[in-house]
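The values are calculated or read from the model by the stated rules, or taken from the named source; none is laboratory data. None of the values given here were measured: they were computed from a predicted structure. Virtual Cβ from ideal backbone geometry, glycine too; neighbours counted across all protein chains shown.
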Amino acid sequence: MDFNLTIEQQQIREEIKKVCKEFPDAYWRRIDGEKAYPDAFVKKLGDLGWLAALIPEEFGGTGLGITEASIILEEINHSGGVATACHAQMYTMGTLLRHGNAEQKQRYLPKIATGELRLQAFGVTEPNAGSESTRIQTSAVKNGDRYLINGQKIFISRVLQSDLMLLLARTTPYDDLKDKTRGLSVFIVDLKANQGKLEVKPLDLMINHHTNALFFENVEVPVENLIGQEGMGFRYIIDGWNAERILVAAEAVGDGRWFVERAAKYASERNVFGKPIGSNQGIQFPIAKAYANIEAADLVRYQAATKFDRKEKCGAEANLAKYLASEAAWEAANACLTTHGGYGFAVEYDVERKFRETRLLTIAPVSNNLVLAYLGQHVLGMPKSY
């Protein structure tokens, strides 16, 4: 097994570093303070083709794998940025590329590749279902040549910054099903065409992710926008979920490395009681421990990405990578904040901003407790724990 990046992968990392240098800490500090969307940064990535990384070359993309996509997102966070502003366009490809038909791919992928269309929204979570996704109630009722969507979604990000959204909706009532993972379908929703029928209510959160509550009232979706077979959508989005977990793991690794590097630098330069604070084991060892855990998590991230790219089963590895990386990043965040002391709470040091961002990753896109439940039941064979 070769643990070294290929020359192409190394070049990708270096190119993303160059882009990120054009958007320094001050840029992200301003975006966060204004609760704005980083349009200039996202446009730059799109213009250079990086957001089309997973789109096949025949549709105008670069035809890279999840491994390369994860390097892109990792380096954005490692450079002090926020990859969540654009990561959905990558992980939604797990569903669209593997289960969309030829006509859907030809209709949407070339325009997504050029940036003419943005696919940055993924509508799954509902207020009354939470993590129990098979309990969602938003309905899609077929009416002639279209489906009518009615219901509510919560914590759906970047809807106002997107042209398209992947939506999971119920096409068969829950009580009519023996297999509760059936009866859900995935649709491509044209957000611009449904203005007025889809109410978007922005949510004020501790993180700047442009997150919303959505209210659907007879939102029309043409039958040709159904992805795959009706009722099989839950299985389709699992591919998207595995991709999402791998990419989020990479983002967490990027965050973790940012925290470790900032903490080590500050600990070496800050002098108290006549010596660098990093010469004290109480400061140095937590940083070193966080570094060790980040590096270990990174290996699992690459294992999961490799299996995904080979189209092998990777649910256990994808979940494990997300768990280990997010926990390690959170550990690094705490070590970094402690190292900086009061200065860690000062906006100008950026620690508090990244601290808020990385805390989310232990909870979303999947709670780490649910990851442990998955590992316990489906990997270790123990009884269901919830």
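Quick one: would you say I238 is closer than 16 Å to Y91 by Cβ, modelled with pLDDT under 95 and β-branched (V, I, T)?
Taking the combined requirement at face value, the residue satisfies it.
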* To do: Test each condition in (1) closer than 26 Å to R353 by Cβ; (2) among the β-branched types (V, I, T); (3) in contact (Cβ under 8 Å) with a residue 24 or more places away in the chain for V223 and report the one that comes out false.
  => (1)
* Asked: If we scan the stretch 67-75, do we find a residue that is crowded, with 24+ Cβ neighbours inside 10 Å and more than 30 Å from E8 (Cα to Cα)?
  -> no
* What pairs come up if the first residue lies in the stretch 299-316 and is within 13 Å of A249 (Cα to Cα), the second is assigned to a helix (DSSP H, G or I) and of a type in the set (D, E), and their beta carbons are under 9 Å apart, counting only those six or more places apart or on different chains? -> V300/E317; R301/E74; R301/E317; Q303/E317; A304/E317; A305/E68; A305/E317
* Asked: Can you tell me how many residues in the stretch 186-211 are basic (K, R) and in a strand (DSSP E or B)?
  -> 1
* Structure fact -> Reported set for the stretch 330-370 where residues are acidic (D, E) and either closer than 30 Å to Y386 by Cβ or not in a loop (DSSP other than H, G, I, E, B) (or both) is E331, E348, E352, E357
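So that you can scan it fast, the table gives a plain yes or no per residue for (1) within 24 Å of L97 (Cβ to Cβ); (2) in a helix (DSSP H, G or I):
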site: E14; (1), (2): no, yes
site: Y27; (1), (2): no, yes
site: D32; (1), (2): no, yes
site: A40; (1), (2): no, yes
site: K43; (1), (2): yes, yes
site: L54; (1), (2): yes, no
site: A69; (1), (2): yes, yes
site: I76; (1), (2): yes, yes
* the stretch 198-212, subset within 18 Å of the chain's Cα centre (by Cα) and surrounded by 16 or more Cβ atoms within 10 Å (Cβ to Cβ), residue farthest from E352 (Cα to Cα) -> N212
* Give me the pairs, please: first residue somewhere in the stretch 328-350 and within 20 Å of S79 (Cβ to Cβ) and in the same structural domain as K289 (by TED's automatic domain parsing), second residue anywhere and of a type in the set (G, A, S) and not in a helix (DSSP H, G or I), beta-carbon distance under 6 Å, and either six or more positions apart or on two chains. => none
* To do: Select, from V82, V124, the only residue that is in contact (Cβ under 8 Å) with a residue 60 or more places away in the chain, closer than 30 Å to A213 by Cα and assigned by TED's automatic domain parsing to the domain that holds F215.
  => V124
* Asked: closer than 24 Å to H209 by Cα, among the aliphatic types (A, V, I, L, M) and at pLDDT 95 or above: does that describe I12?
  -> no
* Specify which of the listed residues (A102, A129) is modelled with pLDDT under 95, surrounded by fewer than 23 Cβ atoms within 10 Å (Cβ to Cβ) and either in contact with a Pro (Cβ under 7 Å, 6 or more places away or on another chain) or not assigned by TED's automatic domain parsing to the domain that holds F308 (or both). => A129
* Quick one: G33 ticks every box in (1) over 21 Å from the mean Cα position of the chain (by Cα); (2) more than 19 Å from H210 (Cα to Cα); (3) touching a residue at least 24 places away in the same chain (Cβ under 8 Å) bar one, so which box is it? -> (2)
* **Unmet criterion (only one of (1) within 22 Å of E68 (Cβ to Cβ); (2) among the aliphatic types (A, V, I, L, M); (3) surrounded by fewer than 22 Cβ atoms within 10 Å (Cβ to Cβ)) for I277** => (1)
* Asked: Is it true that some residue in the stretch 220-228 is within 17 Å of the chain's Cα centre (by Cα) and under 25 Å from K180 (Cβ atoms)?
  -> no
* Asked: How do the strands (runs of 3 or more DSSP E) wholly within the stretch 83-185 filter down when requiring 2 or more residues that are within 29 Å of L360 (Cβ to Cβ) and not small (G, A, S): which remain?
  -> 119-123, 146-157, 164-170
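To keep it simple, each residue is scored yes or no on (1) in a helix (DSSP H, G or I); (2) surrounded by fewer than 24 Cβ atoms within 10 Å (Cβ to Cβ); (3) in contact (Cβ under 8 Å) with a residue 40 or more places away in the chain.
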| residue | (1), (2), (3) |
| --- | --- |
| L247 | yes, no, yes |
| D255 | yes, no, yes |
| Y266 | yes, yes, yes |
| Q284 | yes, yes, no |
* Asked: Got a sec? Which of G183, G144 is in contact (Cβ under 8 Å) with a residue 40 or more places away in the chain and out of contact with any His (no Cβ under 7 Å at 6 or more places or on another chain)?
  -> G183
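Right, S162: crowded, with 17+ Cβ neighbours inside 10 Å, touching a His at 6+ places or on another chain (Cβ under 8 Å) and within 30 Å of W28 (Cα to Cα) or not?
So S162 does not fit the description; no.
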